[in-house]
Amino acid sequence: MTHTFSKAAIFIGLSLTGGWGCATEPNLTDIQKQVQTLMIQQEASHKQEQQIIDRMETVESQLDEHDFLVGELIKTEEEASLDTRHLLEKLERTSTMLREQIEQTRSTTQRRDQDLSIRVKALEGRIDNVIHQSRSVSESPEATTPNPTSPAPNPKETQTGLPAAPASPGERAGAENEASAFRSAYKVFLNGNYDRASVEFKRFVTNYPSTTLTPQAYYYLGESFYVQKHYDPAKQALEHVISHYPSSKYRSQALYKLGQIMLEIDQRSKAQELWNSIIQDYPDSPESTQAKDQLKKSGLS
């Protein structure tokens, strides 16, 4: 636009000086002055325009720098947020892994203690059998006051001379058979064969319905069914422990496991009730700690 205006002014000047011979001298001078004035104004406008362009370039440069700094700030914040999120996720995974390790260690320790308890009971049963046999022999009249003139007594005969009745399986084995049967079922459970373990523990509670190992067998029967997701028979076995053996140490474990079943079958209020009963009745037990964790984890606390 500036160059067009300049050409127009020059054209006018030349026309007035060369093409219009009829123009008077004073008018020509005035026109030349006007042309010079227009050229001066044009130059000033050009300089002003250039200044405006320079200012705009400066502002654009500043805006570009500002946008760059804002972008870098946003990028830094996003990276910091991402690093923080990754750190929190890593801490959460580490915490979960440590809890699982603690739970596995606790479970392994409990199983070892239970296995040792089984072995001790088996040895106690053998000792009781030996003591019982020793007392029977020492209290026998033939053993305490032997008669040298009489023939040696037949060990298979009683004091009346009649053959002694054969001992029943319970009298011959007693606690030893009980512990052996439980140990066999428990080893199957530890090996992860839960289908067979449920069969063997069911056989145990049928053959030994009222022994010291019966509540423990019912608990592991329920545990075996639970792992297989057979929740109905698992509930029956665990509820049997809770209702029939209130003083057993396996009652708290049965309550905790039953709470897990209730949570998995979407009976959350019942699970909350069971776990709260553990916290109230067994505050110092490992199951109480586990129940508190489960309540927080499930959003029931």
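The values are calculated or read from the model by the stated rules, or taken from the named source; none is laboratory data. Because the structure is predicted, anything quoted here is derived from the model rather than measured. Don't worry about glycine lacking a Cβ; one is built from the backbone with ideal geometry, like all the others, and counts go over all protein chains shown.
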**Q.** Failed item, numbered, when ALA237 is tested on (1) surrounded by fewer than 22 Cβ atoms within 10 Å (Cβ to Cβ); (2) closer than 20 Å to ASN193 by Cα; (3) among the hydrophobic types (A, V, I, L, M, F, W, C)
**A.** (1)
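Just checking, does region 230-245 include any residue being among the β-branched types (Val, Ile, Thr), in a helix (DSSP H, G or I), under 20 Å from the mean Cα position of the chain (by Cα) and modelled with pLDDT of 95 or more?
If we filter region 230-245 for residues that are among the β-branched types (Val, Ile, Thr), which is where we start, we get 241-242.
Filter once more, so that each one left must be in a helix (DSSP H, G or I): 241-242.
Then keep just the ones that are under 20 Å from the mean Cα position of the chain (by Cα); that gives none.
Within region 230-245, not a single residue is among the β-branched types (Val, Ile, Thr), in a helix (DSSP H, G or I), under 20 Å from the mean Cα position of the chain (by Cα) and modelled with pLDDT of 95 or more.
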**Q.** Test for SER277: is it of a type outside the set (D, E, K, R) and either loosely packed, with under 15 Cβ neighbours inside 10 Å or in contact (Cβ under 8 Å) with a residue 24 or more places away in the chain (or both)
**A.** no
Q) What is the number of the single condition among (1) within 21 Å of GLU100 (Cβ to Cβ); (2) out of contact with any Ser or Thr (no Cβ under 6 Å at 6 or more places or on another chain); (3) assigned to a helix (DSSP H, G or I) that GLU287 does not meet? A) (2)
Q. From the list ARG85, ARG99, which one is closer than 30 Å to LYS292 by Cβ, part of a helix (DSSP H, G or I) and modelled with pLDDT of 80 or more?
A. ARG85
